[in-house]
Amino acid sequence: MVKFCLIIVLFFVSCETIKSKKLDDGITKIPVDKLFFHKNYRYKYHVVLSKVIDTNSVYIESFYLDSKGELFSTKKGFNSFLNGLKFYGNGCLNNFVINKDSLLNLPELNPLRTGFRGISYIKKKDTVIEIIAPIDENYNLGKKQYYLKVRTDTLFLEEKQTSLKYIYVRHKLNDNNTKYKADW
């Protein structure tokens with residue numbers, strides 16, 4: 001009986017989600033606790049942005065490799081949206097959802113109005129990014145962790161839980177989208 005109760009408690013603790021609020025776009029959720037990133041990252045890790053990442057660009061998800069190593073294009077298929085990553089000099093990053101039809105004329109990428117928040121840090125000589133984003137069909141927030149490699153204008157993200165690898169290609173931003181700052 002004690003083992004059963006312990007298993008139940010561990011299940012609910014492991015399913016714990018992050019308390020959140022919606023941004024102005026009415027869709028994106030962020031942590032309610034304004035010190036969330038300080039408590040969970042800045043006080044624990046060396047938060048830093050790789051020097052080869054261009055902060056005046058957005059990186060658009062273009063391909064992914066499945067666990068068998070098969071390459072797929074994210075621009076093809078029925079999904080109308082792509083993921084975009086915008087990095088800031090202080091180690092912050094924002095994960096935007098971008099309509100495929102607006103790739104040539106990107107919408108406003110203001111991190112105070114839209115986009116899931118994340119952070120870049122060093123862990124045992126690896127560059128890690130963690131994004132606070134939906135982790136289930138109920139849109140509950142949780143941590144998504146990726147190991148990051150950079151080659152010229154391309155980012156390679158590996159999700160350790162699923163062994164999926166995502167490939168993001170750099171796209172220069174116009175001046176309107178380079179003016180925003182991130183401070184989480």
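Look at the dipole of the chain built from charges on Cβ: of Asn83, Trp184, Tyr43, the Cα furthest out on the positive end belongs to Tyr43.
Would you mind classifying the stretch 118-178 by shape? Square roots of the alpha carbon gyration tensor eigenvalues, ordered a ≥ b ≥ c; an a/c under 1.5 is rounded, otherwise it is prolate if a/b is larger than b/c and oblate if not. Because a/c hits 1.5 or more and a/b fails to exceed b/c, the stretch 118-178 counts as oblate. Count Lys and Arg as plus one, Asp and Glu as minus one, and take only other residues whose Cβ is under 14 Å from that of Phe72; the net charge is then +1. Here semi-axes √(5λ) of the Cα gyration tensor in Å was calculated from the structure, and among (i) 91, 11, 9; (ii) 33, 21, 17; (iii) 28, 20, 18 it sits at label (iii). With contributions of -39500 (n - 2.57) from each DSSP H run of at least four residues, the per-residue ellipticity at 222 nm computed over the chain stands at -2000 deg cm²/dmol.
Taking a ≥ b ≥ c as the square roots of the Cα gyration tensor eigenvalues, the stretch 52-158 comes out rounded, since a/c falls below 1.5.
Note on Arg170: accessible area is roughly 90 Å² with a 1.4 Å probe, heavy atoms of protein only.
Annotation for the stretch 15-82 versus the stretch 130-184: alpha-carbon center distance of 4 Å.
Only lysines eight or more places from Lys68 in sequence, or on another chain, were considered; those with a Cα closer than 16 Å are Lys160, Lys165. Ligands, DNA and RNA are left out, and with a 1.4 angstrom probe the accessible area of the chain is 62 Å² per residue. For the set His46, His171, the ranking by accessible area, highest first and with no ligand, DNA or RNA atoms included, is His46, His171 under a 1.4 Å probe.
The values are calculated or read from the model by the stated rules, or taken from the named source; none is laboratory data. Predicted, not measured: the structure shown is a model, and the values here were computed from it. A quick note on method: Cβ atoms are made from the backbone with ideal geometry, for glycine too, and the neighbour counts reach across all protein chains shown. Note: areas computed on protein heavy atoms with side chains; ligands, DNA, RNA excluded. Shrake-Rupley method; radii C 1.70, N 1.55, O 1.52, S 1.80 Å.
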